Amino acid sequence: MTSAAILLAVVSAASAQGLRPYAVVGDAVPDSLTGTRGDATRGRALIVERTSTCILCHNGPFPEQKSQGDLAPNLSGSGSRWSEGQLRLRLVDASRLNATTIMPSYYRVDGLNRVGRSWLGKPILSAEQIEDIVAYLVTLRD
Amino acid sequence: MRLLGCIALASALAGAALAAEIPQDQRRSGYSFMSADTKAMQDDDTVNPGMLWVLDGEALWKRKAGTSDKSCADCHYDARVSMKGVAAHYPAYEKAFGRPLDLEGRINLCRANHQQATPLPYESRDLLALTAYVAQQSRGMPIEAGDDPDLKPFVEQGRELFMQRQGQLNLGCANCHDDNWDKKLAGSAITQGHPTGYPLYRLEWQSLGSLQRRLRACITGIRAQAYDWGSPELVALELYLMSRARGMPMEAPAVRP
C-alpha cells in the first residue's frame, strides 16, 4: 500500500453486522473503536491468555508464559515500529495490509468460510478487547 | 492484455504448485519432532500404551459376532499374513459405493455384510482396537495409498480441502503443515502432518485416537465447523494426507504428545 494514497473508507457494512463502524486512513485506523482509550494492563493480560490466540503465533516479553509461538514477529518493540492507528488496523483486519497473511482478522465477520457454530457471526475479539490490546502494544518500545 | 493475463495466470499456478508440496527428501514423520522420552515410548512395545488396543484387537479378530456368527479370522485367517501391508493402501476405492473408504469404514463394511452385525461407532474402543490390530500388520512398510486411478478425483478433493482457508481464524491446513512445519504453535512443534502412525496414542488425549479425531481437532482449532465422523470430506482429507506421505514407513500404533 502506498502511503501517498490516502484512502478513506468508512466501513458501513460493519454496523449492519453488529460491529462498530470504523474508518481506515492509509494503513491505519486512527480512531478508537470504542471512542475511549483502552486499558494497557488488561491488554497485556489478554495477550498472555491463550484463548485470545496471539501467543499461538507470536512471542514477546511475557516471561511467565512458557508456551509461545514463533510463526510471527516478536511483539517487543511493536510500539516503536508502528503508530497506535497502524497497530489498530493490524488487529482489526491484517489482511487489508497483506492479502496472504496468516494473521487472523480480529474484528471482521464477513468473507470467512465454514466458521464453526459457536463462533459464527462473532468477531474473534470485541472492540473493547482490541482497544485494551492496542493500548498495551503502544507501550512496547525498544 | 491477453498476454499479460496469461503470464499472471501462469505465475499464479506456479505459485500454487510450489506452496503445495514438501520436497520428497525433506519429508519428516511427526516422530522426528518428538522428545527422546516420547520416542522411547513408541519404540518399546512393552511400554507403548497403543499395544493395549492392539492386544484387544487381536482378541476381537478371533471373536465370532453378528447373525452370521463369524469372526474376522473365519474369513481372513491369520492377520499377520492376510493383513500385511493392507493399512498402507487405505483409504481405498470401494466400487459398491463409488467412493473411498478408510480402514474404519472397511472394517464396518465387513461387519455389516459378512458378520451381519451392527457397525461399531467411530472412536469406540472396539473399532479403535480392530483398526490398531490391522494397522500394526503394516508397521515399517511404505505408505502406498492413492495410486488407484479411480481415486484421482478424491485425492484432488482432499488436496483442495487441505489448501482452503476456513474458520474464524481463517487458516488452511497448508498454512501450518506445508508452510510452517519447522515452527512452533504456542510451544508445540507444528510438524508436516503426515498420518504415518494412526490410530495412535496421544499423551494429551490419554487414549488411542483415529486420524479422523486428529483432523477434527485441527479443524476445531481454527474454529471451523468440524466435518461429521465418516463424512466424505474427512475421508478425502485422509486420502490426500496418505498420498502426500507416500513412501514413508507406517508406525501404527504410534505415540504423539
### Scope the range A:23-76; condition part of a loop (DSSP other than H, G, I, E, B), surrounded by fewer than 19 Cβ atoms within 10 Å (Cβ to Cβ) and touching a strand residue (DSSP E or B) at 6+ places or on another chain (Cβ under 8 Å); matching residues
A:PRO30, A:ASP31, A:SER67, A:ASP70
### Query
Would a scan of the range B:208-217 turn up a residue that is touching a residue at least 40 places away in the same chain (Cβ under 8 Å), among the charged types (D, E, K, R) and under 20 Å from B:GLY105 (Cβ atoms)?
yes
### Query
Does B:ASP43 satisfy the condition of being acidic (Asp, Glu), within 23 Å of B:ALA245 (Cβ to Cβ), modelled with pLDDT of 95 or more and open to solvent by 70 Å² or more (accessible area, probe 1.4 Å)?
yes
### Query
Among the candidates B:GLY209, B:GLY146, which residue alone is away from chain A (no Cβ under 13 Å) and over 30 Å from B:ALA36 (Cα atoms)?
B:GLY146
### Message
Take the conditions open to solvent by 30 Å² or more (accessible area, probe 1.4 Å), without any contact (Cβ under 8 Å) to a residue 12 or more places away in the chain, farther than 17 Å from B:LEU241 by Cβ and not assigned by TED's automatic domain parsing to the domain that holds B:GLU233 and apply them to B:PRO121. Does it pass?
### Response
yes
### Message
Within the range B:187-203, take every residue that is within 14 Å of chain A (Cβ to nearest Cβ) and in a strand (DSSP E or B) and give me the one that is nearest to the chain's Cα centre (by Cα).
### Response
B:ALA189
### A:ILE133, sole failed condition from (1) outside any helix (DSSP H, G or I); (2) open to solvent by less than 30 Å² (accessible area, probe 1.4 Å)
(1)
### Query
Given the range B:50-93, what helices (runs of 4 or more DSSP H) lie entirely inside it while holding 3 or more residues that are of a type in the set (A, V, I, L, M, F, W, C) and open to solvent by less than 60 Å² (accessible area, probe 1.4 Å)?
B:50-62
### Message
Could you tell me how many of the residues in the range B:218-242 are of a type in the set (Ser, Thr, Tyr), touching a residue at least 40 places away in the same chain (Cβ under 8 Å) and within 14 Å of another protein chain (Cβ to nearest Cβ)?
### Response
0
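Quick one: how many residues across the range A:117-128 are more than 14 Å from every other protein chain (Cβ to nearest Cβ) and either in contact with a strand residue (DSSP E or B) (Cβ under 6 Å, 6 or more places away or on another chain) or open to solvent by 60 Å² or more (accessible area, probe 1.4 Å) (or both)?
Taking the range A:117-128 first, the residues more than 14 Å from every other protein chain (Cβ to nearest Cβ) are A:127-128.
Filter once more, keeping what is either in contact with a strand residue (DSSP E or B) (Cβ under 6 Å, 6 or more places away or on another chain) or open to solvent by 60 Å² or more (accessible area, probe 1.4 Å) (or both): A:128.
Counting residues in the range A:117-128 that are more than 14 Å from every other protein chain (Cβ to nearest Cβ) and either in contact with a strand residue (DSSP E or B) (Cβ under 6 Å, 6 or more places away or on another chain) or open to solvent by 60 Å² or more (accessible area, probe 1.4 Å) (or both) gives 1.
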### Query
Filter the range B:129-165 for residues that are charged (D, E, K, R) and not in a loop (DSSP other than H, G, I, E, B); which is surrounded by the most Cβ atoms within 10 Å (Cβ to Cβ)?
B:ARG159
### Message
Given the criteria open to solvent by 20 Å² or more (accessible area, probe 1.4 Å), over 23 Å from B:SER124 (Cβ atoms) and not in a loop (DSSP other than H, G, I, E, B), does B:CYS218 qualify?
### Response
no
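Select, from A:ARG114, A:ARG90, A:ARG96, the only residue that is open to solvent by 50 Å² or more (accessible area, probe 1.4 Å), under 21 Å from A:PRO73 (Cα atoms) and within 14 Å of chain B (Cβ to nearest Cβ). Write out each step before concluding.
Details: A:ARG114 fails: under 21 Å from A:PRO73 (Cα atoms); A:ARG90 fails: within 14 Å of chain B (Cβ to nearest Cβ).
Being open to solvent by 50 Å² or more (accessible area, probe 1.4 Å), under 21 Å from A:PRO73 (Cα atoms) and within 14 Å of chain B (Cβ to nearest Cβ) holds for just one of A:ARG114, A:ARG90, A:ARG96, which is A:ARG96.
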### Message
Restricting to the range B:166-184, name every residue that is farther than 16 Å from B:ALA226 by Cβ, at the interface with chain A (Cβ under 9 Å from one of its Cβ atoms), buried (at least 19 other Cβ atoms within 10 Å of the Cβ) and of a type outside the set (S, T, N, Q).
### Response
B:CYS176
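So, of the residues in the range A:77-87 that are open to solvent by 40 Å² or more (accessible area, probe 1.4 Å) and touching a Lys or Arg at 6+ places or on another chain (Cβ under 9 Å), which turns out to be farthest from the other protein chains (Cβ to nearest Cβ)?
Among residues in the range A:77-87 that are open to solvent by 40 Å² or more (accessible area, probe 1.4 Å) and touching a Lys or Arg at 6+ places or on another chain (Cβ under 9 Å), the one farthest from the other protein chains (Cβ to nearest Cβ) is A:SER80.
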### Message
Condition first: open to solvent by 30 Å² or more (accessible area, probe 1.4 Å), touching a residue at least 60 places away in the same chain (Cβ under 8 Å) and under 13 Å from B:MET248 (Cβ atoms). Now tell me which residues in the range B:19-40 satisfy that.
### Response
B:GLN24, B:ARG27, B:ARG28, B:TYR31
### Summary
Counted residues in the range A:53-71 being of a type in the set (A, V, I, L, M, F, W, C) and more than 9 Å from chain B (Cβ to nearest Cβ) come to 2
### Task
Determine the pairs where a residue that is closer than 21 Å to A:GLU49 by Cβ and touching a residue at least 24 places away in the same chain (Cβ under 8 Å), located within the range A:105-133, has a partner that is in a loop (DSSP other than H, G, I, E, B) and basic (Lys, Arg) with Cβ atoms under 6 Å apart, the partner being 6 or more residues away or on another chain.
A:ALA127/A:ARG20
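The values are calculated or read from the model by the stated rules, or taken from the named source; none is laboratory data. As the structure is a prediction and not an experimental result, all values here were calculated from the model. Note that we place each Cβ from the backbone using ideal geometry, even for glycine, and neighbour counts take in every protein chain shown. When the accessible area is computed, the model is the full protein with side chains, heavy atoms only, and any ligands, DNA or RNA have been set aside. Shrake-Rupley method; radii C 1.70, N 1.55, O 1.52, S 1.80 Å.
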